[in-house]
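All remarks here apply to the structure that follows.
The values are calculated or read from the model by the stated rules, or taken from the named source; none is laboratory data. For clarity, every value in this text was computed on a predicted model and none was experimentally measured. FYI the Cβ positions are ideal-geometry reconstructions off the backbone, even for glycines, and counts take in every protein chain you see.
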Amino acid sequence: MTVPSPRRKRSNPGFAPSGTRPGGASRSRPTPWTTRAAVALVPTLLALAHLTFGANQPIAALWFSTLLVLALVVALAVPSVRLGLHDLAPLAPLALLFAATLGAAAWSFTAWAPGGAHPIWAWAGAPSGALTVNRPATLMEIAKLAGLACIFLVGALQSARYAWASATFQAVLAIGAVYGAISLLMFVSGAQLMAGERLSGGFLSPNSAGSVFGVLTVLGLGNLLRGSRQTAGLDTASRLGKVAVPLAYVLLSATCLLLTASRMGVAATALAAGVLLAWELFDARRQRLSLLLAGGVLVLTALILISGGNDLLWTRLGTVEADRLVRSDIFAAHWAAFLASPLFGYGLGSFIDINNQIMTAGNYDDLWAIRATHNVYLQWLEEAGLVGAAPMFGLLGLIMILSTIRSGTVKRGQTLLRALIVSSLVLLVHGATDFALQVPSIAAFWAFLLGCQYSFGRR
């Protein structure tokens, strides 16, 4: 008796797994227009806030924070987006560090600390004192932090899937280009909200605009590197056509950056761009020619603008020493204030009150006009103390460390993720000498990008 051999089951090409072709070849589906429109909503909100003084007024900041909270509510209302919460692990360490920061801020409403309440409450004859010297301002800062946490989660949810992450990255660049074009048009037409020879991008300080355009330049550089690598093997005309838009993004943002004449903004961007190029260069899989061309674009843009008569940046370099002395006096006065209350500080949002209290005849000329320490690290230490600043610094460090570790494991979009990570250097370096991160729209922009990099392509 002959036993028939089992029939081999034939695969049906019509039922190949999603995302693959028969035979295992990878297939890339175009992102639906609805997804592209949805992921562009938050970047659009942030760009509008940039153009309106960065929402850097108390009432505007409160409304802006409310919109950030609503953005998360809307995102969680979509079932397909809500599923992304499972891909954001580990969230517990981040939540604990953030809760510790909020807890320290809330603790400042009490008088329970060595030395008790701040003496200003007794001087004012208040029935009860507190560690913070300005309760309403501290409450406002807590609301801002809640808004930043919400927009971080929105960024993380939008980037949990690779298709969403890529679409979000492109939306940030496209809307950033529109924002840059509007800023440039306002600058050349003399219609800026802030008068002067420097491009301000809707902010009260051109240095703040320098931070935003620095971040956009680094993100655009990452996009250009990726686009140039993907066109390898094409003829020159086709290759130029494919990289035309990424190249335009870089040129526009770099041009706006240089027109802000922000010395540290330019320096921080150059450092971040160098780190990104070096990171890609030491990856043996990357093409060296693409890296050299992308780096050359930035250098050439700077040379053209400078040789074309934009010598404002060079003029400002001549005042570096004078400005350094002013910054040194500001830092010295506020460092002394921090040392006087190192554990719990004076309460979030209390800078103006502290600045007025430490003003003397010797430092009046340097302190009377400022509204921030021009050093985000010192201001956090001074306002939140070590108890409040340590968990916040730890939270940001943990996000960046985990994102950097994961960048070596992602299968797609590695260059985009690296650009997101490195773009933070612009804000971190510039934050040592300026107050951009104290502007609500810029803080929200960074929180959104941190969320994007934290969950980039996890699903």
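The condition of being assigned to a helix (DSSP H, G or I), hydrophobic (A, V, I, L, M, F, W, C) and out of contact with any helix residue (DSSP H, G or I) (no Cβ under 8 Å at 6 or more places or on another chain) holds for only one of Leu221, Leu252, Leu240, Leu257, that being Leu240.
So that you can scan it fast, the table gives a plain yes or no per residue for (1) at pLDDT 95 or above; (2) in contact with a strand residue (DSSP E or B) (Cβ under 9 Å, 6 or more places away or on another chain); (3) assigned to a helix (DSSP H, G or I):
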{"residue": "Arg82", "(1), (2), (3)": "no, no, yes"}
{"residue": "His86", "(1), (2), (3)": "no, no, yes"}
{"residue": "Phe109", "(1), (2), (3)": "yes, no, no"}
{"residue": "Ala122", "(1), (2), (3)": "no, no, yes"}
{"residue": "Gly129", "(1), (2), (3)": "no, no, no"}
{"residue": "Lys144", "(1), (2), (3)": "yes, no, yes"}
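Taking the criterion of being in a helix (DSSP H, G or I) and free of Cβ contacts under 8 Å to residues at least 60 places away in the same chain, the residues of segment 224-237 that qualify are Gly227, Gln230, Thr236, Ala237.
Can you work out which of the residues in segment 166-208 that are part of a loop (DSSP other than H, G, I, E, B) and of a type in the set (S, T, N, Q) is surrounded by the fewest Cβ atoms within 10 Å (Cβ to Cβ)? Walk me through how you get there before you give the answer.
Of segment 166-208, the ones part of a loop (DSSP other than H, G, I, E, B) are 190-205.
With of a type in the set (S, T, N, Q) added as a condition, the list becomes 192, 200, 205.
Numbers: Gln192: 20, Ser200: 23, Ser205: 23.
The residue in question is Gln192.
Of everything listed in (1) basic (Lys, Arg); (2) surrounded by fewer than 13 Cβ atoms within 10 Å (Cβ to Cβ); (3) under 30 Å from Gly201 (Cβ atoms), the single unmet condition for Lys144 is (2).
Can you name every residue in segment 75-90 that is among the hydrophobic types (A, V, I, L, M, F, W, C) and surrounded by fewer than 14 Cβ atoms within 10 Å (Cβ to Cβ)? Walk me through how you get there before you give the answer.
First, the residues of segment 75-90 that are among the hydrophobic types (A, V, I, L, M, F, W, C): 75-78, 81, 83, 85, 88-89.
Residues satisfying the conditions are Ala77, Val78, Leu83, Ala89.
Here Ala122 clears all of (1) in contact with a Phe, Trp or Tyr (Cβ under 8 Å, 6 or more places away or on another chain); (2) more than 22 Å from Leu204 (Cα to Cα) except the condition numbered (1). Of the residues that sit in segment 347-381 and are touching a residue at least 60 places away in the same chain (Cβ under 8 Å) and charged (D, E, K, R), which one is surrounded by the most Cβ atoms within 10 Å (Cβ to Cβ)? Applying the filter and picking the extreme gives Asp353.
Confirm whether Leu88 is over 24 Å from the mean Cα position of the chain (by Cα) and closer than 30 Å to Trp164 by Cβ. Give the derivation first.
Values: over 24 Å from the mean Cα position of the chain (by Cα): no; closer than 30 Å to Trp164 by Cβ: yes.
Judged against the criteria, Leu88 is not a match.
Residues in segment 407-434 that are within 17 Å of Ala165 (Cα to Cα) and charged (D, E, K, R) were compared, and the one that is surrounded by the most Cβ atoms within 10 Å (Cβ to Cβ) is Arg418.
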